[in-house]
Structures are given as C-alpha cells and as structure tokens.
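To start, the structure itself, in structure tokens.
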Amino acid sequence: MPLNCSSLASRVPHILGGLKTTATTRVGGGVVLFNFFNKIHQNNSLCIASLPLNKRNDSQRFCLSSSSSVMEGIKDSGFSTQEIEKYSKELDIAVRAVQMACSLCQKVQESLISKTNSQVQAKDDNSPVTVADWSVQATVSWILSETLGSRNVAIVAEEDVQTLSKPDSAGLLEAVVQTVNDCLAEAPRFGLKAPGTILGSSEVLEAISRCNSAGGPSGRFWALDPVDGTLGFVRGDQYAVALALIEDGEVVLGVLGCPNYPMRKEWLSYHHRYHRIISKLTPPTSESWDKGCVIYARRGSGEAWMQPLIQGHKKLVWPNSATPVRVSTIENPALATFCEPVEKANSSHSFTAGLAHSVGLRKQPLRVYSMVKYAAIARGDAEVFMKFARAGYKEKIWDHAAGVVIIREAGGVVTDAGGCPLNFSKGMYLEGLDRGIIACAGIKLHEKIIKAVDASWNSSSL
C-alpha cells in the first residue's frame, strides 16, 4: 500500500512534506506569482492522485518516485494570474462573514456561561445545538446570498429548521431572529452591506433552510459548520466557525474562525475557566488568550494567513494585520505534540494512545474541541492530529473541509489512514474513508503514523 497520497487538481501542485513554495504576495494572502521548488526527502515515494475526484476512480493513483518527475509535473501545472485570482472575491467575503459570525458567537457564549437559559437544545443524536448555531447559519447564508447572488450560492450546512418551526419553539425562534438582526446590523463594521429592513421570522427561517444542498462531485457549493464543537461552546471552551468552498469535489478555499484560541500556545492546555479568569485580569489591549483569530487559505497559494478577531467597535480594514502561518518543522516524534478530540463518543482515545506510543510520541495529547485542532497544526502549535471514529460514525464534510485546505497550504499533509486524500465529492459525508483521519505537519511523521496504523489495526476493536 502506498504510504502517501496528496490530492492534486488537474493543474494544482499541492504541498507535500519537503515540497515547498515561495511566492510574491500582496499582504493578506493575495498571491501574484509562484515559484515552485523541489526539495523531496530522500527515499520518499509520493503517491499522487493526479486527477480531480470527479474524474477518477478511488483506486486510480499515480506514483511519482523521482524528483525529476515531480519537477516536470510542477512545470506543467503553473497558474495564470486569472487562475490565482479566481477565488479572491469569495475568500474576501468568507473571511468577513466568519469574522461577523465569531462576534455573534462570543456574545451568545458569554450569555450562556453567565446564566442558565433555554437556548440550548438537544438534537436527535443528543448533541447540543444553540441559538448561535442557527443564528450563524442564517447570518452566513444571508451574507453569501446577498453578496454573490442567491442563484449562485448553494450551501451544505449542519442545522435545519425543524426544531425552530415547532409551535412550542416560538421563544427560541424569537431569540434567533433577534440575534441575527443584531449581528447583521453591524455588517458595515466588517465591510459588508446590512439589510435594508429588519429580517422577520420567515426570512430568517428561509436563510437557514436555504442551506439544503446535497453536495456532490460537480458544481460549486459551500460547506458550513456554524458552531463546530458545540459542546465546547456551551462549556465556555474552544469551538470554531468553519466555512469552505468546494468546486467539482475539491476544496478550493477554507476559513476557520477560532474565537477562544489563545494567542500563546502554552495557554491551550489550561482549563477554560482559568482562561476566563485571566481574561478579566488582562488589559483588553494586550495579546491575551481570548483575542481569537481567523485562519484562512486558498488552494494552490502555498500560504495560509491569520487575522486577529475584530474586537469592540473596531472596523475590519483589510488585510486586518494578517500574518502568514506555517506548520511546525519538528520531525522528531519525541518532540511532537498530537491533538485528538475531547469527546470519546465518536473517537477512540485508547487506539490513538497506543499509536502515539508506538510511533514515539511522548507528550501528553492536546485534547481540543472542534476544528481548532486543524488551526493548531497550521499555526505550528501542534504536529499531529489523529481521529479514528468508532464503528457506525460517519465523518461529515463540514467538520473537515476548511481545516484540510488550510493545513495543506500551510505546508502540512492531511489524508485518511490509507494515505489518500479525503473525498469531498460524495455528498454530506466523507464516503470511502479508510479507517480514520491523519493530519501532520510533515511527511516523516505522517509516514510513521500510517505504518503504525497498518501494524496495529487488526488488533483494535474499532
């Protein structure tokens, strides 16, 4: 079995391991031209799925084992300026929309942790859903439709209107409508147009229910997780707002809003209650833990960027102090940090612990809610993310799409446990996923983990 697969669109050379890019850029991630360098690690055979997902069978893989072959492929897949700028407008709008959504979430979360109320509901799978989930979905849906045209926007998203439409949910719906209108009223602060009139209940429900795309292998659609890690959200802990654009089965841009992500790596391991205490003692102008950030990337750019969240009554002026982020250069497993989900319901901590030991990972795992794990790797705060779902659990595309493209453009690798790219062309779920998901800062760690999975899988109970 080939150890490494890296998804390529027909003209896009993705970063994998030692393959690096440099670029002349405008500040904030607008890339003008690329120069691709070949620095392939010795004895590393790259298995490259070189056709778009909608034009190949799952088993079609093409291996490039020599540096000359890689360089030849790179020469044949250069971008034109038009291709580079193709998603500039969409990325700009997506970042602004996620900034707004994070502001909304911060206000709702503060309300949730300061008092007990009825704004948290349980879904059919007993996972929580809050006013923020529905409000963010309505807000982002409205913004995308208004700025890009409703006929041009299809969205796959997590929430529906079933609960909100029940007669006994009138109070909940009222809270959602109020939250959405309060947020949209601030749209000019984020460089977006506010509604001409206040949205009514029917308009908010329509915006939420508009997110009914089934995804698939062709065309363009957005994947939105309005509040990823809702359990962390209601506990005052880590969560993320995740938005990605998928075209013909490939993720072409991703934005992750991480409102509680500390600006200092070492504070990630502290309990969220300690974070809140520190935030109250820390002057609001300091680089404190609770400042939060938005991380984003566009496919083929070779770069991922991070902006601070807009705080208070400040306005978003692009590029909003954006700085590039890169994955860690740590290759020694003994020095690496690995992330895993907090929840045991849909992942196996015991299996990942065994893998970590066999690979030589000696540090305590960083257990973080939501796609903040992807942000941690992209920013260089951790080196490995492993998730092996329990039997019967199906991974959803909105839980991974944004994070995958961000890590890849920051220089990392994300595949399933068979070493193949995640397939976003099969609808709402990551169909055909081989056992689990492995994201790494570098190819060496990635290879070791996949070998360890192969060696230990048959003895697991997953």
Does Asp237 meet the test of being more than 15 Å from Val98 (Cβ to Cβ), outside the structural domain of Gly427 (by the TED database), open to solvent by 10 Å² or more (accessible area, probe 1.4 Å) and modelled with pLDDT of 90 or more? no
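Does Lys373 meet the test of being surrounded by fewer than 23 Cβ atoms within 10 Å (Cβ to Cβ) and at pLDDT 90 or above?
Taking the combined requirement at face value, the residue does not satisfy it.
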Residue pairs within 8 Å by beta carbon, gap of at least six or interchain, first lying in region 318-334 and over 30 Å from Gly354 (Cβ atoms) and in contact (Cβ under 8 Å) with a residue 12 or more places away in the chain, second open to solvent by 80 Å² or more (accessible area, probe 1.4 Å) and in a loop (DSSP other than H, G, I, E, B), listed first then second, are Pro319/Val27; Ala322/Val27
Expected output for region 140-154 (first residue among the polar types (S, T, N, Q), partner crowded, with 18+ Cβ neighbours inside 10 Å and in a helix (DSSP H, G or I), Cβ below 6 Å, 6+ apart or cross-chain) is Ser141/Ala207; Thr147/Ile93
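Look at Trp457 and say whether it is at negative phi and over 17 Å from the mean Cα position of the chain (by Cα).
Numbers: at negative phi: yes; over 17 Å from the mean Cα position of the chain (by Cα): yes.
When the stated conditions are applied, Trp457 passes them.
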Only unsatisfied item for Gln119, checking (1) at pLDDT below 90; (2) under 26 Å from Leu245 (Cα atoms), is (2)
Given the conditions (1) closer than 23 Å to Gly216 by Cβ; (2) touching a residue at least 60 places away in the same chain (Cβ under 8 Å), every one holds for His400 apart from (2)
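Please work out which residue is nearest to the chain's Cα centre (by Cα), limiting yourself to region 437-454 and to residues that are of a type outside the set (Val, Ile, Thr) and open to solvent by less than 50 Å² (accessible area, probe 1.4 Å). Talk me through it step by step, then tell me what you get.
If we filter region 437-454 for residues that are of a type outside the set (Val, Ile, Thr), which is where we start, we get 439-442, 444-448, 451-452, 454.
Those left that are additionally open to solvent by less than 50 Å² (accessible area, probe 1.4 Å): 439-442, 445-447, 452.
Working: Ala439: 12, Cys440: 14, Ala441: 15, Gly442: 18, Leu445: 21, His446: 19, Glu447: 23, Ala452: 26 Å.
Here the residue is Ala439.
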| Within the bounds of region 219-228, is there any residue that is in contact (Cβ under 8 Å) with a residue 24 or more places away in the chain, in a helix (DSSP H, G or I) and over 30 Å from Ser321 (Cβ atoms)? | no
For Val317, the lone unmet condition from (1) aliphatic (A, V, I, L, M); (2) open to solvent by less than 10 Å² (accessible area, probe 1.4 Å); (3) outside the structural domain of Ala455 (by the TED database) is (2)
Here the residues within region 131-160 that are open to solvent by less than 30 Å² (accessible area, probe 1.4 Å) and of a type in the set (Val, Ile, Thr) are Val131, Val136, Thr139, Val140, Ile143, Val153, Ile155, Val156
Listed by first then second residue, the pairs whose first member lies in region 411-436 and is farther than 20 Å from Gly300 by Cβ and open to solvent by 20 Å² or more (accessible area, probe 1.4 Å), whose partner is assigned to a loop (DSSP other than H, G, I, E, B) and polar (S, T, N, Q), with beta carbons under 7 Å and at least 6 positions apart or on separate chains, are Glu431/Asn423; Gly432/Asn423
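The values are calculated or read from the model by the stated rules, or taken from the named source; none is laboratory data. Bear in mind that the values here come from a model prediction, so they are computed numbers and not experimental data. Note that each Cβ is placed from the backbone with ideal geometry, even for glycine, and that neighbours are counted across all protein chains shown. With ligands, DNA and RNA removed, areas are computed over all heavy atoms of the protein, side chains included. Shrake-Rupley method; radii C 1.70, N 1.55, O 1.52, S 1.80 Å.
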